[in-house]
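Chemist: Just passing along the structure, written as structure tokens.
The values are calculated or read from the model by the stated rules, or taken from the named source; none is laboratory data. Every value quoted in this text rests on a predicted model; they were computed, and no experiment measured them. Cβ placement follows ideal geometry from the backbone for every residue including glycine, while neighbour counts extend to all protein chains displayed.
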Amino acid sequence: MIRINELSLPLDHSADELRQAILKRLGIGAADLLNFTIFKRSYDARKKNSVILFIYIIDLEVRDEAAILARFADDQHIRPAPDTTYYPVGQAPAGLSERPLVVGFGPCGLFAALLLAQMGFKPIVLERGKDVRRRTKDTWALWRKKTLTPESNVQFGEGGAGLFSDGKLYSQIKDPKFYGRKVMHEFVRAGAPEEIMYVSKPHIGTFRLTGVVAAMREEIIALGGEVRFESKVSDLVIDDGQLEGVVLASGETIRSRHVVLALGHSSRDTFRMLHRQNVFIEAKPFAIGFRIEHPQSLIDQARLGKYAGHPELGAADYKLVHHAKNGRAVYSFCMCPGGTVVAATSEPERVVTNGMSQYSRNERNANAGIVVGINPEQDFPGGPLAGVEFQERLESRAYELGGRDYCAPAQLVGDFIRGKPSSEFGEVEPSYKPGVRLGDLAPSLPEYAIEAIREALPAFGKQIRGFDRDDAVLTGIETRTSSPVRITRDNESLQSLNLKGLYPAGEGAGYAGGILSAGVDGIKVAEAVAKSLLAGQGS
Ligand code: FAD
């Protein structure tokens, strides 16, 4: 297999033009090209008024590979393609009596369970929330009728926190073993659009993701696994530093010496239980801030210039960073083009926001978190769970400021910068459901965060004209940007540093941030569990 890097074509090119470009680049005839696949397609819009081209990485098979590689030996853009195939670490022997447990069925637990099932280990998944269909109903009840179901919502249930999301599937993690390709491949097999395998910033969108997750659950079951909903793990069975099983909230005990703990960042009661059980946990940095909304057309125009609205490019995104004078970094987080701001609490009488979109990304507004990085040493000293408590205090205050009915506090950008409460909207209508309450956001976050965001917004307006326009809307608050804790694990065995048999994984344990990296961590942990089971050491 040969790889061609950096093959450029106009945005509107046909499939045949791509084939012709490959033949021309290699100087071969049509009969010599046996087949090709697009490994990656990106575009560079940094100089928005110059011509935007698609830039391809192509993997291909040719009749005489050695001769072509020899001919292009000095050309760094034509090289042997790396092998990106996924090879399982082993296969369970027939009759293996121990079944691994996977706690949590977000992207991390989903991939851990799928991989274990594919290797024949017949995992049992324990998920506190409900299946996608019933969970969707519960989640919409908060958005439409202000009714929260604490065990079934945006954070908890089949598919995890990323189910009602933009479904962005990119990450900056190092991935030398191409586990990210395995994640994408499984998503495609389960019904995601084929293009996620090659576009540079793939996304699935909420509606499609729900079908994909349900299809993957069916595969786990078909391979002998079990998926149990409404099964919250509320305690651990420990014997002399070795995990022997888990206890469910129902009182049932399930025994296993291999437990993947893929909790997500919102399972605060479970973090407390782990701490009570003396499992090593430490506080870690995260970020707090607001969601900002602008018309999507403003972002398209600023990012794509004359190409704004081009069907091949879709809705434009952005990524912004500002280093404030008070030493804080302010940055955009989880940007959702053409999407909506959503109520994302899992706890009564608390307000927290996030963003989601459909595959089409055709809602009127663009939204993103504008958040300030915070850390335990400076901002929430006081032990492993101090970050959790800090989040809780802020989310309760946001609930008060929103009017105590799950509406979110909001303010227009111009008023926020000038320190004046807002009383009416301009052209930008906020999308947050069940609704926002205009006022002053200053009391919702610590002073240093307000000061840093006030300074950052005009600076962002210099990068994206109109970003700091007076009537852009800020909705509060964003607190669950990543886990406030790390459940520490050994780099080799991936087991807890002080509890053998416990495999902390994914975002909640502090080893992932986002759907793709959580899925990749699920694969790594599944491999560690499989190796341990195959070694027959029971630890
Ligand atoms: P989670 O997805 O949080 O899953 C953890 C699961 O564990 C949950 O289902 C929970 O119910 C279950 N659980 C917790 N405790 C217990 C227990 N004691 N017993 C049994 N089960 C338990 N990321 C992106 O990459 N792209 C996006 O576009 C994107 N958009 C997002 C939009 C929203 C609204 C939200 C909330 C998040 C978004 N994210 C996005 C972040 C992404 O969802 C997370 O990074 C990812 O889901 C983390 O995966 P995880 O499996 O580690 O944890």
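Chemist: So if I check each of 423, 431, which one is out of contact with any Pro (no Cβ under 8 Å at 6 or more places or on another chain), in a loop (DSSP other than H, G, I, E, B), of a type in the set (S, T, N, Q) and buried (at least 16 other Cβ atoms within 10 Å of the Cβ)?
Modeler: Step by step, each of 423, 431 is checked, and only 431 is out of contact with any Pro (no Cβ under 8 Å at 6 or more places or on another chain), in a loop (DSSP other than H, G, I, E, B), of a type in the set (S, T, N, Q) and buried (at least 16 other Cβ atoms within 10 Å of the Cβ).
Chemist: If you don't mind, another one. Would you confirm, using the coordinates I've provided, whether residue 165 is in contact with a Cys (Cβ under 9 Å, 6 or more places away or on another chain), part of a loop (DSSP other than H, G, I, E, B), touching a residue at least 12 places away in the same chain (Cβ under 8 Å) and within 24 Å of residue 318 (Cβ to Cβ)?
Modeler: Spelling it out, residue 165 is indeed in contact with a Cys (Cβ under 9 Å, 6 or more places away or on another chain), part of a loop (DSSP other than H, G, I, E, B), touching a residue at least 12 places away in the same chain (Cβ under 8 Å) and within 24 Å of residue 318 (Cβ to Cβ).
Chemist: Among the numbered conditions (1) more than 25 Å from residue 118 (Cβ to Cβ); (2) assigned to a helix (DSSP H, G or I), tell me where residue 147 comes up short.
Modeler: Going through (1) more than 25 Å from residue 118 (Cβ to Cβ); (2) assigned to a helix (DSSP H, G or I) one by one, residue 147 breaks only (2).
Chemist: Scanning the range 137-161 for residues that are under 22 Å from residue 362 (Cβ atoms) and more than 13 Å from the ligand (Cβ to nearest atom), which turns out surrounded by the fewest Cβ atoms within 10 Å (Cβ to Cβ)?
Modeler: It comes out as 144.
Chemist: Of all residues in the range 117-136, which are assigned to a loop (DSSP other than H, G, I, E, B), within 13 Å of the ligand (Cβ to nearest atom), crowded, with 24+ Cβ neighbours inside 10 Å and not small (Gly, Ala, Ser)?
Modeler: Selection gives 127, 128.
Chemist: Just the residues that are closer than 27 Å to residue 136 by Cβ, within 10 Å of the ligand (Cβ to nearest atom), of a type outside the set (A, V, I, L, M, F, W, C) and buried (at least 16 other Cβ atoms within 10 Å of the Cβ), please, taken from the range 214-240.
Modeler: Of everything in the range 214-240, those that are closer than 27 Å to residue 136 by Cβ, within 10 Å of the ligand (Cβ to nearest atom), of a type outside the set (A, V, I, L, M, F, W, C) and buried (at least 16 other Cβ atoms within 10 Å of the Cβ) turn out to be 230, 231, 232.
Chemist: If you don't mind, there's one more thing I want to ask. Please specify each residue of the range 241-267 satisfying the condition of being within 11 Å of the ligand (Cβ to nearest atom), crowded, with 20+ Cβ neighbours inside 10 Å and either modelled with pLDDT under 95 or not β-branched (Val, Ile, Thr) (or both).
Modeler: 261, 262, 263, 264, 265, 266, 267
Chemist: Checking residue 361 against (1) among the basic types (Lys, Arg); (2) closer than 16 Å to residue 296 by Cα; (3) assigned to a strand (DSSP E or B), only one condition comes out false. Which one?
Modeler: (3)
Chemist: Quick check on the range 501-539: of everything there that is surrounded by 24 or more Cβ atoms within 10 Å (Cβ to Cβ) and of a type in the set (D, E, K, R), which residue is farthest from residue 183 (Cα to Cα)?
Modeler: This residue is 507.
Chemist: Among the residues of the range 453-461, are any in contact (Cβ under 8 Å) with a residue 24 or more places away in the chain and within 16 Å of the ligand (Cβ to nearest atom)?
Modeler: No, the conditions are met nowhere in the range 453-461.
Chemist: Then there's this: Go through 187, 164 for me and flag whichever is surrounded by 20 or more Cβ atoms within 10 Å (Cβ to Cβ), under 22 Å from residue 336 (Cα atoms) and at pLDDT 95 or above.
Modeler: 187
Chemist: Which of the residues that make up the range 489-516 are in contact (Cβ under 8 Å) with a residue 12 or more places away in the chain, closer than 25 Å to residue 275 by Cα and either away from the ligand (no atom under 16 Å from the Cβ) or not in a loop (DSSP other than H, G, I, E, B) (or both)?
Modeler: Listed by number, the residues that qualify are 489, 493, 495, 496, 497, 498, 500, 501, 502, 503, 504.
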